[in-house]
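Reviewing the structure listed below.
What follows is calculated from the coordinates using simple rules that are stated; it is not laboratory data. Computed from a predicted model, the values in this text were never measured in an experiment. Reconstructed Cβ throughout: ideal geometry from the backbone, glycine too, with neighbour counts over all protein chains shown.
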Amino acid sequence: MLAAAGGNPLRQAAGANPSDVNLGGVKSDASPRWPKPIGSPVLDSLRPVIENSRDVHTHVDKIVEVAGWMAYEELPMPEYHLPAGVGVNDPNEAIDFIMVADVIDTAFTDFSTHVKFTTEYAGQHWSDSEAEFACLKRAMDNGIPILDGNFLAKVTRQQLNEIFSGNIEMPMLDEKLAVLHQVGPVLAEKYNGRFSNFIRSCPPRLYDNGKGIIDRLVVEFPRFNDVSQYDGHEIKLYKLPQLGIWFVYASLHPSGKFQLEDIGAMTAFADYIVPVALRLLGITSYSPALEHAINTYQMIPRDSTQEIEIRAHCIYATALLREEVNKIRPADKQIIIPQIDARLWMPYHTTFWPHHLTKTIMY
């Protein structure tokens, strides 16, 4: 338990030498292979973690093996369908809806009971993040200005609890409320209450010497600044800022209503589920201490070395997997990393295999 809780002193107290940890029977590579640059500060920041990991290891030979069959799958660009009526006649409404949902897209499962949040809307049963979308659309149907920063800045806990009515109280409701109170005033004061005005004020790039959409999101809205410190190095993970813009792109780009010049700079969205897929495919392996902690539902603290390694290897491994897949596919069927992310997330987000438990607003 000590070894799983985080940090070298705890491992040493548990009798483990970090330099001798055997990760699923394979010792860490001295000089791990690195993906080709894609223009992502997220991927570029991971090297200190990948080169010095104590509890998580990526098996490049397994990546090559998986790519050997995955390359022949369709691997389509995901299509995200917003609730009926959202953004049909107004792409800015779609942007507002996606980004407000993204702001509070944190855990939807109770950490104590492991019960998943569900709700009923429009005669259907919704769960997980789809239940969040349904609740937001239900609020809109009831005339609640849930997409307006002026409302978000002042919404009460009772109001939010009523908006997210379901089988259980929305997990992390207080944290979600605090995030809305942080984001709402910025939208109200600078962007007339709307995320679409922020997005439209940026160049059509994720990264642009500090002026890109992601560049600005993590600065102007600190809740998106998903970074961690690992052995004195700042590691950029950026799950939600990337995911929000990816949803906007996937929803509006096919109709030509949203453009991004550097969509290839997107990485995987390091969450709870994609690491499970990588683990079950044998692409990653964990130290016995971390494996035990996850399998016995122990909390893995936010910013612990174990949590950072799980997420960093998720981003690193998917970048390599995309590279290997593209070596096999013809030029007109090349893919980007979010397509790999979607291919792994979709079949595994309902698996009963345990994922790491970390209570955080970052994913």
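Kyte-Doolittle mean at least -1.0 and Cα extent at least 30 Å along the axis: which DSSP H helices of the chain qualify? Can you show the working numbers first?
Working: long enough: 305-328 (34 Å, -0.09).
Sorted by number, the helices that extend far enough and score high enough are 305-328.
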Karplus (6.51, -1.76, 1.60) ³J(HN,Hα), θ = phi - 60°, over the range 254-260, in Hz, Gly and Pro reported as x:
x, 8, x, 9, 7, 10, 9
Placing +1 at every Lys and Arg Cβ and -1 at every Asp and Glu Cβ, with all other atoms neutral, what dipole size does the range 30-84 have around its Cα centre, in debye to the nearest 20?
280 debye
Quick one: 3J(HN,Hα) in Hz for the range 42-51, Karplus 6.51/-1.76/1.60 with θ = phi - 60°, rounded, Gly and Pro as x.
5, 4, 5, 7, 7, 3, x, 6, 5, 7
Packing-based order for 93-104, 250-261, using average beta carbon neighbours within 10 Å, highest first
93-104, 250-261
Could you list which residues have their amide H under 5 Å from that of Tyr230, counting only those 5 or more apart in sequence or on another chain, with H placed in the peptide plane?
Ile235
Under a straight-distance cross-link criterion of Cα-Cα below 20 Å, which lysines are reachable from Lys239, leaving out those fewer than 8 residues away in the same chain?
Lys176, Lys211, Lys359
Heads up, the range 24-131 by the C-alpha gyration tensor (a ≥ b ≥ c square roots of eigenvalues; a/c under 1.5 rounded, else a/b over b/c prolate, else oblate) looks prolate
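Of Lys62/Lys257; Lys190/Lys333; Lys116/Lys190; Lys62/Lys137; Lys257/Lys333, which ones are farther than 32 Å apart at the Cα?
Numbers: Lys62/Lys257 39 Å; Lys190/Lys333 41 Å; Lys116/Lys190 36 Å; Lys62/Lys137 42 Å; Lys257/Lys333 23 Å.
Listed pairs above 32 Å: Lys62/Lys257; Lys190/Lys333; Lys116/Lys190; Lys62/Lys137.
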Which of the peptides 229-239, 178-188, 325-335 is most tightly packed, and how do the rest follow, judged by the mean count of other Cβ atoms within 10 Å per residue?
178-188, 229-239, 325-335
May I ask you to evaluate 6.51 cos²θ - 1.76 cosθ + 1.60, the Karplus curve with θ = phi - 60°, for each residue of the range 105-115 and list the ³J(HN,Hα) values in order in whole Hz, giving x for glycine and proline?
7, 10, 3, 10, 10, 5, 5, 8, 9, 6, 7
Given labels modelled 7 Å from the Cα in the Cβ direction, how far is it in nm from Gln259 to Asp110?
5.0 nm
How high is the relative contact order of the range 204-363, in percent, with contacts defined as C-alpha pairs under 8 Å that are six or more residues apart?
27 percent
Other-chain or far-sequence residues with amide H under 5 Å of Leu357's (modelled H):
Ile300
Scan around Thr118 for amide H atoms under 5 Å from its own, H built in the peptide plane at 1.01 Å from N, and keep only partners 5 or more places away or cross-chain.
Asn167, Ile168
